[in-house]
Structure formats: structure tokens, C-alpha cells
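The values are calculated or read from the model by the stated rules, or taken from the named source; none is laboratory data. Note that the coordinates shown come from a computational prediction; the quantities given were computed from them, not determined experimentally. Every residue, glycine among them, receives a Cβ derived from its backbone with ideal geometry; neighbour counts consider all protein chains shown.
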Amino acid sequence: MFHGYLPMILAGLGVTLGVSATSLAIASVFGLAGAIAKLSDNAVLRAIANAYTTVIRALPDLLLMLIVFYGGQILINRIADARGWGYIDIDPFLAGTLTLGFIFGAYLTETFRGAILAVPRGQIEAAEACGMARGTVVARILLPQMIRHAIPGFTNNWLVMLKATALVSIIGLDDMVHRAGLAAAATREPFTFYAVIGAIYLAVTTVSIIVLRGVEARFSRGVRRAEAA
Amino acid sequence: MIDLGIVEENLPAFAEGLRITLILLVISCAAGFVLSVPLAMARASRRPWVWGPVWLFTYVIRGTPLLVQLFILYYGLAQFPWIRESAAWTLLRSPWFCAWAAFTLNTTAYTTEIFAGAIRAAPAGEIEAARAMGMGEWAMFWRIFWPGAWRRALPQYGNEVVMMMHATALASTVTIVELLRVARDVYTNYLVVAESFGTVALFYMALTFLLTRLFKALERRYLRHLDPRASQGEPRVA
């Protein structure tokens, strides 16, 4: 039915998931750093974090990706020229994941900022009064409780990002969309293959929602829910 | 550093790209809005055979990338000879129609969920009061459910319109020469990033800013009763 192209497409799913997971890790780092900067007492850090989230969220993902891909290419080769390293090809996987991570870091900054603010201030004061070091306060008090508040926003960002990875095919990454295009061209059955990857995306989305709901339930043990009216 | 000559020379192309981007945004959001209101009404219904199909539609559209939806319409439909031989083919082969259809389907799905959520959040007391007044279903929707739902949905709907504006950049993948396509063409001709992608980045930023301002103004108009400063100085009753 798929002219033997299904294994190739499924291998592309591996690339898609790899890009998503790597981008999510990078985005979490940018997001945490951004949230901490936004909540810091330092006005310069706050201004940088604000500029970061404002600019990134004002631009289309695809535009940012092309800027990083082509701009990074030119920049790296200019440096390479100056040092006499010869031509360096920018790796689309690196460009793709870095850009996606950088973009979704801006969205996660807001998620994490809200989650940190949702932890009652008194708990942090109490921990400090008990003589806990700063790192211990973060690890034992702040993180375990902010995760619960961050999960809904985190889930949303993951789902949006998973779909945004489809764009990496445009900068030449060999992901599921790119492979579907190849299979479509070879078999002249574009509908079949784009519909197949559409179904795969839907399946991954569904599994993600179920898993993250479980994670949320686990981190919400000990929280009493209001009875539904 | 930045060669403003290149920007100036291509300014007419950038302006035309902006026009196309705006047309794509307006026709998609307008169609999406018109479709979303009745769909949200159905989505918020208590009857499973009414909300079920709408749920399935929004779930499938929201669970798949817009790029894939666009490719299915633009490249995919040509696979079937009966579509190619049908009268609709003149429409379906056009990148404009496919982009508009894909964008409309997409924004309809998201907007339907936003509106449905706002409809479900209607205070029970309002509905009871409307029933007590003897309003029919139709009058109740247009006089009670919708005015409140529209106000509750407005901030989120504004976000959706900005997202849609950004999504129009995908039209560049199906040969439509909107802002991003112009940038890619300028890049290909001159191999410069700041003058090509940088320029359209400014266009997109300005558009985002304008849309945000527009929705802030709409919120001021429709959510005036929630603004503590707006009611200051006005005479208080009781």
C-alpha cells in the first residue's frame, strides 16, 4: 500500500522526535534562564529577557529559522575565512534545534515565570529561616512545586513545538515531512504520504497528551481539587 | 554593513509582499470567524452527536502541523484523477485557494475551541435569568451567551490572530509571493541576510505590534466594565 516506503517514513519519525526532544531541552534551558532573569533584581537582565521574549514572539518561526540558518552560515564562514579554516557547512540539525529551542525558550520563559511566582513566598522564607542554602531552597522547595504549575504550559509548548518541527524540512533536514515529500515524488501519491505523516503526528500528539496528563496527576498528589459544581 | 540601497531597490517588492500577507490574513481570519461561531455553538452543546464531530475536527486539525495540511491540499489532491477531472479543479489547483483553505481550516479549529470555552464559562445565573424571562434558544444564544463569550474570548482570540499572521509565512512554500517569499528572493539575488530577512522581520514586528494595539483597543471597548480606572469618577448607584 505504501510501496515499501513506510520504514523510511518511520525512520523520519525518529528524526522528528530527536529534533523535538533536543529543541525542548534547549528551550527549557533558555526558558529557565529567561524566567530567572525576568524575576531578578538586576534591571539589565530584566531588560534583556523582556527584549528576548518580545522580539521572538513577534516573528514567524519560519523566518527566525531562515535567519539563523542563512545568517549563521554567513557568520561562521566569515569567521572561518578570517582564520583560514576553509568552508564550513552549517549542520541543519544544529541550526534547526538551536532555532526551535531559542524560539520556544521565549514562550517557556513566560510559563516558568508564572510557575515560579505561583510558589508561595512564605515557603521560601521558611526554608531560608531553616537555614537552607540557596541551591537547596531551589532544589527542595521551588522546583518540586513549580513543576506542577509549569506542566500545563509546558504541555502546550511541547505540542506546538512538535508541529513546528515540520518546518525543519524547509532548511533541508531529513525529517518525516521531507521523507514524505521524497516518497510522494517517487510514487506520485502525495496525498497518501502526507496523510500518513499527518496521522503519525496526530498519534504522537495523542500519546503526549496522555503521558503529560499522568505526569501532572503525579505532581498534583497532595493537592485537593475543588469539587465540580 | 547593511546596504540600504538593496532595501530601497526592493521596497516595491516588500510592499507588495506585505499586501499579499495582509490579504491572506484577512480572508483567512474572516472566513475562520464566520465558521467558528456556529461550530463553537455546536462544540459547547450537551448532545454528543452534536459536539462529537466538531471535537473530532478540531482535534485532528490542532494535532497536525499546518505545513502538512497545506501540502495535503496543494500537492496531495492532485493524486486523484476524479478530482483533477472535476469542475472544482480550477479552484483546487490554485495555490491561493489551497493556502486560504488550509489557513481557514486551521484558524477555525483553534477559534472554535476558544469560543466554545468562553461559551461554556457563561455564568449559570445569567442562563437561569434568561430562561425565567422565557427566552428561546436562539434569543438566549445571541443576547446572553454570545455577548459574554465574545468578551471572555477576546484576549485569546487576539493571540490567535497574531499566530495566524505569523502562519501566513507558510504560504511561501506553495509559490505565493508574500513577505517571506520576497525576503527569500532578495536573499537568493544578493546573498545578504540583514537586508532580506532583517527587513521583513521589521515588517512582521510592526504588524504584530499593530494587531496587539488593535486588540488592546477592542478590549478597552468591550471589557470596559472590568477596568477599575474606566469606572472611576462615574456616579455610583446605591
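Of all residues in the stretch B:85-132, those satisfying the criterion of being under 23 Å from B:ILE61 (Cα atoms), among the charged types (D, E, K, R) and assigned to a helix (DSSP H, G or I) are B:GLU113, B:ARG120. Under the condition of being loosely packed, with under 11 Cβ neighbours inside 10 Å and assigned to a helix (DSSP H, G or I), the residues counted in the stretch A:1-11 number 1. Answer yes or no: is there a residue in the stretch B:68-81 that is under 30 Å from A:THR187 (Cβ atoms), in contact with a helix residue (DSSP H, G or I) (Cβ under 9 Å, 6 or more places away or on another chain) and outside any helix (DSSP H, G or I). Checked the stretch B:68-81: at least one residue is under 30 Å from A:THR187 (Cβ atoms), in contact with a helix residue (DSSP H, G or I) (Cβ under 9 Å, 6 or more places away or on another chain) and outside any helix (DSSP H, G or I). When residues in the stretch B:168-188 are screened for being surrounded by 23 or more Cβ atoms within 10 Å (Cβ to Cβ) and either assigned to a helix (DSSP H, G or I) or at the interface with chain A (Cβ under 8 Å from one of its Cβ atoms) (or both), 10 of them pass.
Every listed requirement among (1) within 9 Å of chain B (Cβ to nearest Cβ); (2) surrounded by fewer than 17 Cβ atoms within 10 Å (Cβ to Cβ); (3) of a type outside the set (Ser, Thr, Tyr); (4) closer than 24 Å to B:ALA169 by Cα is met by A:GLY172 save one, (1). Picking from residues in the stretch A:183-196 that are more than 8 Å from chain B (Cβ to nearest Cβ) and touching a residue at least 24 places away in the same chain (Cβ under 8 Å), the one that is surrounded by the fewest Cβ atoms within 10 Å (Cβ to Cβ) is A:ALA186. Residues in the stretch B:189-200 that are part of a helix (DSSP H, G or I) and either in contact with a helix residue (DSSP H, G or I) (Cβ under 6 Å, 6 or more places away or on another chain) or not small (Gly, Ala, Ser) (or both): B:ASN189, B:TYR190, B:GLU195, B:SER196, B:PHE197, B:THR199, B:VAL200. If you filter the stretch A:12-24 down to residues that are of a type in the set (A, V, I, L, M, F, W, C) and closer than 11 Å to A:MET161 by Cβ, you find that the one that is surrounded by the fewest Cβ atoms within 10 Å (Cβ to Cβ) is A:ALA21.
Among the residues making up the stretch A:11-21, those that are touching a residue at least 60 places away in the same chain (Cβ under 8 Å) and hydrophobic (A, V, I, L, M, F, W, C) are A:ALA11, A:LEU13, A:VAL15, A:LEU17, A:VAL19. Looking across the stretch B:82-130 at every residue that is among the acidic types (Asp, Glu) and touching a helix residue (DSSP H, G or I) at 6+ places or on another chain (Cβ under 7 Å), the one that is farthest from B:VAL50 (Cα to Cα) is identified as B:GLU126. Scanning the stretch A:197-217 for residues that are touching a residue at least 12 places away in the same chain (Cβ under 8 Å) and within 10 Å of chain B (Cβ to nearest Cβ), we see that the one that is farthest from A:LEU13 (Cα to Cα) is A:ILE209. Only one of the listed residues (B:VAL26, B:VAL50, B:VAL37) is of a type in the set (Val, Ile, Thr), free of Cβ contacts under 8 Å to residues at least 60 places away in the same chain and within 17 Å of B:THR112 (Cα to Cα). That residue is B:VAL50.
Rundown of residues vs (1) assigned to a helix (DSSP H, G or I); (2) touching a residue at least 60 places away in the same chain (Cβ under 8 Å); (3) under 22 Å from the mean Cα position of the chain (by Cα), yes/no style:
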residue	(1), (2), (3)
A:SER23	yes, yes, yes
A:SER28	yes, yes, yes
A:LEU32	yes, yes, yes
A:SER40	no, no, no
A:ALA51	yes, no, yes
A:THR54	yes, no, yes
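The residue that is surrounded by the most Cβ atoms within 10 Å (Cβ to Cβ), among those in the stretch A:28-77 that are among the polar types (S, T, N, Q) and within 14 Å of another protein chain (Cβ to nearest Cβ), is A:THR53. Residues of the stretch A:77-107 that are part of a loop (DSSP other than H, G, I, E, B) and either at pLDDT 90 or above or under 20 Å from A:LEU17 (Cβ atoms) (or both): A:ASP91 alone.
Only one of the numbered conditions (1) farther than 26 Å from A:THR206 by Cβ; (2) over 23 Å from the mean Cα position of the chain (by Cα); (3) at pLDDT 90 or above is violated by B:GLY76, and that is (1).
With respect to the stated conditions, A:VAL223 is surrounded by fewer than 17 Cβ atoms within 10 Å (Cβ to Cβ), touching a residue at least 24 places away in the same chain (Cβ under 8 Å) and part of a loop (DSSP other than H, G, I, E, B).
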